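Enquirer: Next up is a structure, given as structure tokens.
The values are calculated or read from the model by the stated rules, or taken from the named source; none is laboratory data. If you're wondering where the values come from, they're calculated on a predicted model, not measured in any experiment. Quick reminder, even Gly has a Cβ in these numbers, built from the backbone with ideal geometry, and neighbours come from all protein chains shown.
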Amino acid sequence: MPLHGRTCRERNAGDPDALDIGLVVSAAERDACFRLVHLPTTTMLRATTAAAVVGTVTLIADSVLGLPMDSLYAAELRPLRASGRRVAEVSALAVAPGTPMTAIVRLMSRLVLYAEALARVDDLCVTVHPRHARFYERLGFARMGAVKPYAAVNGAPAVAFRLDLASALAARASRAACARRFVVDAARAAILTRLREERPRAVLTSAEFVRFFVGQRALAEASSRARAVLQSFHSDLQLENVDVARKEVTTVLGSG
């Protein structure tokens, strides 16, 4: 069986310390990732070792709903959108205690490669606590906004960064080429093949949507516009009443 067609347990069976990185493609892997960070996602990547998820990161593509960072940096994002650039946000980078920095860098490098080659993103943006700024700078991200209090995380300070993927991945020298060196190597073709084959299975199913989000406050408080977008992705669900019980929605799914 090819590597990309196996579960994380099967991939790591020969070496319990081996690190495997790929898209989150199963309910079990999604459950493990949501145990690290629980929020709706667009595309998730995970790093596993010894059949356990040790790191996860999310790529949120821009849409009619905007991006989470719009609450602070809408003005900084506006010129990118106005020029027709495709923007996405890095969110929910979470790692288990003791995870080595090399594993985090490899996870981020896969995200960069996926965003550039498959999601066709022009600008990868992120909002982080200033104490994490150095990590993103070493990956080639450039600061795109002033430090601001972030109400979503109890007013903690936040700063925005941007990675112009075309420029970063085309760079031949200098510290700005860090991102290119992480993802452009002999394994690039194999990594892309795997990510491309995993991509169809990385979409959250309606049953998983019910499992993870029905009954959650974020769904109950979602705007009518947000519910319309969710409905477009899960046409087999009835989301008119966002407070519907899990049992009721499961019945709707089972009766189709």
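Enquirer: Mind listing just one residue for me: the one in the range 1-51 that is touching a Ser or Thr at 6+ places or on another chain (Cβ under 6 Å) and assigned to a helix (DSSP H, G or I) and, of those, modelled with the highest pLDDT?
Expert: Per the stated criteria, the residue is C33.
Enquirer: Take S83 and tell me if it is surrounded by fewer than 15 Cβ atoms within 10 Å (Cβ to Cβ) and modelled with pLDDT of 90 or more. Don't jump to the end; show me each part of the working.
Expert: Details: surrounded by fewer than 15 Cβ atoms within 10 Å (Cβ to Cβ): yes; modelled with pLDDT of 90 or more: yes.
Yes, satisfied.
Enquirer: So, in the range 117-145, exactly how many residues are among the β-branched types (V, I, T) and farther than 18 Å from Y73 by Cα?
Expert: Taking the range 117-145 as the starting set, the residues that turn out to be among the β-branched types (V, I, T) are 121, 126-128.
In the following step, the residues that additionally are farther than 18 Å from Y73 by Cα were identified as 121.
Here the count works out to 1.
Enquirer: Also, quick follow-up: Which of the helices (runs of 4 or more DSSP H) found entirely inside the range 154-256 contain at least 1 residues meeting this: at pLDDT 80 or above? Outline the logic, then answer.
Expert: Values: elements: 165-170, 178-183, 188-198, 206-213, 217-220, 224-233, 246-254.
Ranges flagged: 165-170, 188-198, 206-213, 224-233.
Enquirer: What are the residues in the range 89-119 that are closer than 24 Å to R35 by Cβ, touching a residue at least 40 places away in the same chain (Cβ under 8 Å), in contact with a Leu (Cβ under 8 Å, 6 or more places away or on another chain) and not in a helix (DSSP H, G or I), if any?
Expert: Listed by number, the residues that qualify are S91, A92, A94, V95, A96.
Enquirer: Could you run through the range 50-65 and say how many residues are out of contact with any Leu (no Cβ under 8 Å at 6 or more places or on another chain) and without any contact (Cβ under 8 Å) to a residue 40 or more places away in the chain?
Expert: Of the residues in that region, 2 qualify.
Enquirer: Would a scan of the range 125-141 turn up a residue that is in contact with a helix residue (DSSP H, G or I) (Cβ under 6 Å, 6 or more places away or on another chain), under 26 Å from V203 (Cα atoms) and not in a strand (DSSP E or B)?
Expert: Checked against the condition, which is being in contact with a helix residue (DSSP H, G or I) (Cβ under 6 Å, 6 or more places away or on another chain), under 26 Å from V203 (Cα atoms) and not in a strand (DSSP E or B), the range 125-141 yields no hits at all.
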